[in-house]
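The values are calculated or read from the model by the stated rules, or taken from the named source; none is laboratory data. Values in this document were obtained by computation on a predicted structure and should not be read as measured data. So basically every Cβ, Gly included, is an ideal-geometry build from the backbone, and we count neighbours across all protein chains shown. Surface accessibility is based on the protein's heavy atoms, side chains included, excluding ligands, DNA and RNA. Shrake-Rupley method; radii C 1.70, N 1.55, O 1.52, S 1.80 Å.
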Amino acid sequence: MEFFTPFENPSVMIFRDGFDTQEKLFSFSKFFGEFYHDYNKYSEDKPWLFCLANEAAKKFVGDGKSNDNIGGYWHTDYGFLLAPPKYTIIRCVMIPPTGGETSLLDLISAYEDLSDEMKNLLDPLWTIRDWKNDGRNIVRKDISHPLVMTHPTLNKKHLYFSYRHLKINFQDKIGNELVEFLKNHVTQEKYIYTHKWKPNDLIVWDNRCTMHKVHFDFDPSYPRWMERIAIVGNETGKYLDN
Ligand code: OGA
Ligand code: MN
């Protein structure tokens, strides 16, 4: 098994090969903390398991629930919770011969490269997650997280937001220019790593200081199937009164 971290910081850990069973995913993930009971859970007896499987994979996945075409845009997982996951851990079960990669981006380096002036401007701001425009109605409340956080164990500052859902209140207006600036800034090539999966690969990403997206660029007649566990994180958000 090969191990590497694609960024300068250890926010993404990649294990090439070696996770050939769900049991190995499960027992390894326990080192990272407590599991969420997933909103998209696979089954009642495995409420911690989330299967990302396309239509062609469904006949292999079995009787449990699988979820198609999720995550084809930059996002962080469960950004609509007060306590979003610390880590997401994902194992590749089946992947088409070409395409279906997962890209990750580094929100620590993206923060560190900002000018001091921009850091001072952004440091006190909070993002708004507006549940009515979010397509998710699990938490029926608008919620806010700090745009800039200090990572509790790496002790480094980083940006935290979910690209598609980003809204910022700035000087009593929605800061559209800031939103555009941030989206363009963080998606520069130098912050991105794209993983070409092989079956039995496993990735652990720190869901606080990275974003990710799936490339739905493959022939859908091939199965793509991932198994995922999300690890409970600290409460960093607050509800907005409305
Ligand atoms: C996820 C996700 C990535 C993938 O599970 O949160 O976005 O490569 N999946 O399937
Ligand atoms: Mn995701």
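Please tell me the relative contact order of the range 1-70 in percent, rounded to the nearest whole number, where contacts are Cα pairs under 8 Å and at least six residues apart.
On the way: 72 pairs, mean separation 13.0, N = 70.
Once normalised by length, the contact order is 19 percent.
Once every DSSP H run of n ≥ 4 in the chain is given -39500 (n - 2.57) and the sum is divided by its residues, what mean residue ellipticity at 222 nm do you get, rounded to the nearest 500 deg cm²/dmol?
Working: 5 runs with 36 residues, N = 242.
So the helix-based figure for the chain works out to -4000 deg cm²/dmol.
As an exercise, identify the trypsin sites (Lys or Arg not before Pro) in the range 116-148 lying in DSSP coil whose Cβ has no more than 11 other Cβ atoms within 10 Å. Provide the component values of the computation, followed by the final result.
Numbers: sites: LYS119, ARG129, LYS132, ARG136, ARG140, LYS141; in loops: ARG136, ARG140, LYS141.
Loop-located and lightly packed - ARG140.
Please list the non-local residues whose amide H lies under 5 Å from the amide H of HIS195, H modeled 1.01 Å from N, same-chain partners needing a gap of 5 or more.
Result for HIS195 returns THR102, SER103, LEU104.
Report P(r) for the chain: all Cα-Cα distances, bin width 10 Å, range 0 to the bin holding the largest distance, values in whole percent.
7, 31, 37, 20, 5, 0
Please check: in the Gaussian network model of the chain (C-alpha springs, under 10 Å), which one of ILE138, ILE14, ILE95 has the largest mean-square fluctuation.
So, out of ILE138, ILE14, ILE95, the one fluctuating most is ILE138.
Could you do me a favour and compute the accessible area per residue for the range 1-109, 1.4 Å probe, result in Å²?
Working: 4820 Å² over 109 residues.
Using a 1.4 Å probe on heavy atoms only, each residue of the range 1-109 averages 44 Å².
Can you list the residues, at least 5 places off or on another chain, whose amide H is less than 5 Å from the amide H of TRP126, using H built in the peptide plane?
LEU147, ASN169
Kindly write out, for the range 90-102 in residue order, the coupling ³J(HN,Hα) from the Karplus curve 6.51 cos²θ - 1.76 cosθ + 1.60 (θ = phi - 60°), rounded to whole Hz, with x marking Gly and Pro.
Per residue, the Karplus-derived 3J(HN,Hα) values read 9, 10, 8, 9, 9, 9, x, x, 9, x, x, 5, 10 Hz.
Please compute the contact order of the range 49-171 in relative form: average sequence separation of alpha-carbon pairs under 8 Å and at least six residues apart, divided by the residue count, as a percent. Walk me through the numbers before you get to the answer.
On the way: 138 pairs, mean separation 31.2, N = 123.
About 25 percent, as a whole number.
Given H placed 1.01 Å from N in the peptide plane, which residues other than close sequence neighbours of LYS157 have an amide H under 5 Å from its amide H?
HIS151
I want to verify the translational diffusion coefficient of the range 1-100 in µm²/s; compute it with Stokes-Einstein, Rh as the Kirkwood radius over Cα pairs, at 20 °C and 1.002 mPa s.
Values: Rh = 15.4 Å.
Estimated diffusion coefficient is 140 µm²/s.
Once you have a ≥ b ≥ c as the square roots of the Cα gyration tensor eigenvalues for the range 140-192, tell me rounded if a/c is under 1.5, and otherwise prolate or oblate according to whether a/b is larger than b/c. If you can, show how the numbers build up before the last one.
On the way: a/c = 1.87, a/b = 1.19, b/c = 1.57.
Oblate is the answer for the range 140-192, as a/c is 1.5 or above yet b/c matches or exceeds a/b.
Between the range 212-242 and the range 73-141, how many Å separate their Cα centres?
9
Springs between alpha-carbon pairs under 10 angstrom, Gaussian network model over the chain: which of ALA230, ALA110, ALA56 fluctuates most?
Highest fluctuation of the listed residues: ALA56.
Residue by residue through the range 46-58, what is 3J(HN,Hα) from phi via Karplus (6.51 cos²θ - 1.76 cosθ + 1.60, θ = phi - 60°)? Round to whole Hz and write x for glycine and proline.
10, x, 8, 9, 10, 10, 9, 9, 7, 3, 5, 8, 4
Please state the Cα pair-distance histogram of the range 99-183 with 5 angstrom bins from zero: what percent is in each bin?
Whole-percent P(r) values from 0 Å outward: 3, 12, 22, 23, 18, 14, 7, 2, 0.
For the Cα atoms of the chain, what angle does the longest principal axis make with the long axis of helix 176-186, in degrees from 0 to 90, nearest 10?
That works out to roughly 50 degrees.
Percent relative contact order of the chain, based on C-alpha pairs within less than 8 angstrom and at least six residues apart?
Numbers: 531 pairs, mean separation 92.5, N = 242.
This gives 38 percent for the chain.
Once you have the Kirkwood Rh of the range 136-242 from its Cα pairs, apply Stokes-Einstein at 10 °C and 1.306 mPa s and quote D in µm²/s.
Numbers: Rh = 16.9 Å.
After rounding, the answer is 94 µm²/s.
Read phi for every residue in the range 16-22 and hand back ³J(HN,Hα) as whole Hz from Karplus 6.51 cos²θ - 1.76 cosθ + 1.60, θ = phi - 60°, with x for Gly and Pro.
Per-residue couplings from phi come out as 7, 6, x, 10, 8, 9, 5 Hz.
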